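Structure record follows, encoded as structure tokens.
The values are calculated or read from the model by the stated rules, or taken from the named source; none is laboratory data. Being a predicted model, the structure only gives us computed values, none of them experimental. Cβ sites come from the backbone with ideal geometry, for glycine too, and all protein chains shown count toward neighbours.
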Amino acid sequence: MQQQRIPFSTYAVIGTMLFGLYFGAGNLIFPIQLGQLAGSNFWAGLIGFLVTTIGLPFLGILAIGLSKSNGLLDLASRVHPAFGLAFSMALYLTIGPFFAIPRTATVPFVVGFEPFIDQGQISLWLGVFSFIFFAIVYYFSLNPAKIIDYVGKYLTPAFLLFLFLLIIVTIIKPMGSFGLPVGDYTNSAFMTGFKEGYNTMDAIGSLAFGIVVINAIKRRGISDTKLIASTTWKSGAFAMGLMATIYTLIAYMGASSVSVIGTLDNGGIIFAEVAQHYFGPFGAILLAIIIVLACLKTSIGLITACGEFFHDVFPKISYKTFVFILSFLSFIIANFGLNNIIQFAIPVLMFLYPLAIVLILLGLCSTLFKHKRAVYVVAMSLTFFVSFIDGYDALVTTLPDVANSLFEVIKDFYLYYLPLYDIGLGWIFPALIGAILGYFWPTRQREMERG
């Protein structure tokens, strides 16, 4: 039988949709700030950032597509069904209504509108803006089958058009040369960029978006398992290539801006100043369009992914009901403000990211150890003990009152005896040792008969 030939346009449209799902406002504000802070250590910081924001998400998409799992819940349940449900719900709530989705409303408001509003009226107008924003998101999320049209064909090309208008001008007329690196970028630019990439939530998002991509592929009439896997990685490669290009250009924009606008507190303010420098008053309008389009398309994708997941877990509640609940909850949390959302997201991300990375790598290598459950169980268990302290440590930085003497002793023990812990990679050796122990763990007769 002749194999179905997939045209490049299919990879491009699905890849553009995937890019649109990933690339929100956080993907704009973090690399431009990285560029400013990394300065002459630009490439080391950028490469570290790209590993987390390009390499890991691509592996996440592949882990879902090539492991033949039916999404994150199926993949995580290879550890244990209870773990699969708990981890999946934690991840979807993190990239959903608790942190990522509310951020899609607060970032465009803070960057595009707050500078023109009196301080005393900011809360009122944030409420108005976020209500309108999530009403639009709710409407476009009601029909998940149309997401490839909304995001891939319309919103993403429009966003790219306005973004490239700003980027091209900064390349033709650069603002200045790179400055000196600042803070942690002075001596450990790569690892600082690597951990900065956590903030985009792209790697954990890839586990959620993987099934969205596979469903989009199936809706285009592709049903063969090998073709689905092939289309998944080719579409993913298209999306990641586009993201890597834009990240590099945006980071360059930040690195070349210091001599003119100085080093500023966050990427949103940097973007606003760069737009103002090149386009004057029109720059604020251009930036508002870029940010709103970036956030709108990502929010629609996140609501869709979360809605489909929770409907699958609780099928008695309709998908449309979950879309309403997610939109309403995101609206409420958005009104706590951007700073609070980012502040409380960091400890959760420090806890979840190592678990997500190890799960992705295990999913990719699963055929090598014949999907043996013990490998998943021991590797993920040992990773958990390290990532829990990572999350605790980040939480104490935000809320010193939650410090616990036992956890402090464990943290000090890790710091002195666990390789790479001081640079945020202490989970690597426990995960590797866990996988080896799990591989040689005696297999029960019942599992051998079942396998």
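Pairs only if they're at least six apart or on different chains, beta carbon under 6 angstrom, first in segment 168-188 and of a type in the set (V, I, T), second in a helix (DSSP H, G or I); list them, first residue then second.
Here the result reads V169/Y278; T170/M253; V182/L37, each pair linking segment 168-188 to a residue that is in a helix (DSSP H, G or I).
Considering only helices (runs of 4 or more DSSP H) fully contained in segment 371-448, which possess at least 3 residues that are among the basic types (K, R) and more than 18 Å from F351 (Cβ to Cβ)?
none
May I ask you to verify whether F384 is surrounded by 13 or more Cβ atoms within 10 Å (Cβ to Cβ) and either closer than 30 Å to L124 by Cβ or touching a Lys or Arg at 6+ places or on another chain (Cβ under 7 Å) (or both)?
Considered against the rule, which asks whether it is surrounded by 13 or more Cβ atoms within 10 Å (Cβ to Cβ) and either closer than 30 Å to L124 by Cβ or touching a Lys or Arg at 6+ places or on another chain (Cβ under 7 Å) (or both), F384 comes out as no.
Being in the same structural domain as L37 (by TED's automatic domain parsing), touching a helix residue (DSSP H, G or I) at 6+ places or on another chain (Cβ under 9 Å) and more than 22 Å from A105 (Cα to Cα) is true for just one of G283, G262, G268. Which residue is that?
None of the other options fit; the residue is G262.
Would you mention how many residues in segment 311-330 are in a helix (DSSP H, G or I) and either without any contact (Cβ under 8 Å) to a residue 40 or more places away in the chain or surrounded by fewer than 22 Cβ atoms within 10 Å (Cβ to Cβ) (or both)?
Adding up the residues that qualify gives 11.
Which one of L180, L155 is modelled with pLDDT of 80 or more and either surrounded by fewer than 20 Cβ atoms within 10 Å (Cβ to Cβ) or of a type outside the set (K, R) (or both)?
Being modelled with pLDDT of 80 or more and either surrounded by fewer than 20 Cβ atoms within 10 Å (Cβ to Cβ) or of a type outside the set (K, R) (or both) holds for just one of L180, L155, which is L180.
Among the residues of segment 272-290 satisfying the criterion of being of a type in the set (A, V, I, L, M, F, W, C) and at pLDDT 85 or above, which is surrounded by the fewest Cβ atoms within 10 Å (Cβ to Cβ)?
Ranking the candidates gives F279 first.
Suppose the filter is buried (at least 21 other Cβ atoms within 10 Å of the Cβ) and modelled with pLDDT of 85 or more; does G268 pass it?
Judged against the criteria, G268 is not a match.
It is to be established whether one or more residues within segment 355-367 are loosely packed, with under 15 Cβ neighbours inside 10 Å and either assigned to a helix (DSSP H, G or I) or of a type in the set (K, R) (or both).
Yes, that holds for at least one residue.
Could you tell me whether I291 is assigned to a loop (DSSP other than H, G, I, E, B) and either out of contact with any strand residue (DSSP E or B) (no Cβ under 7 Å at 6 or more places or on another chain) or among the hydrophobic types (A, V, I, L, M, F, W, C) (or both)?
Answer is no for this residue.
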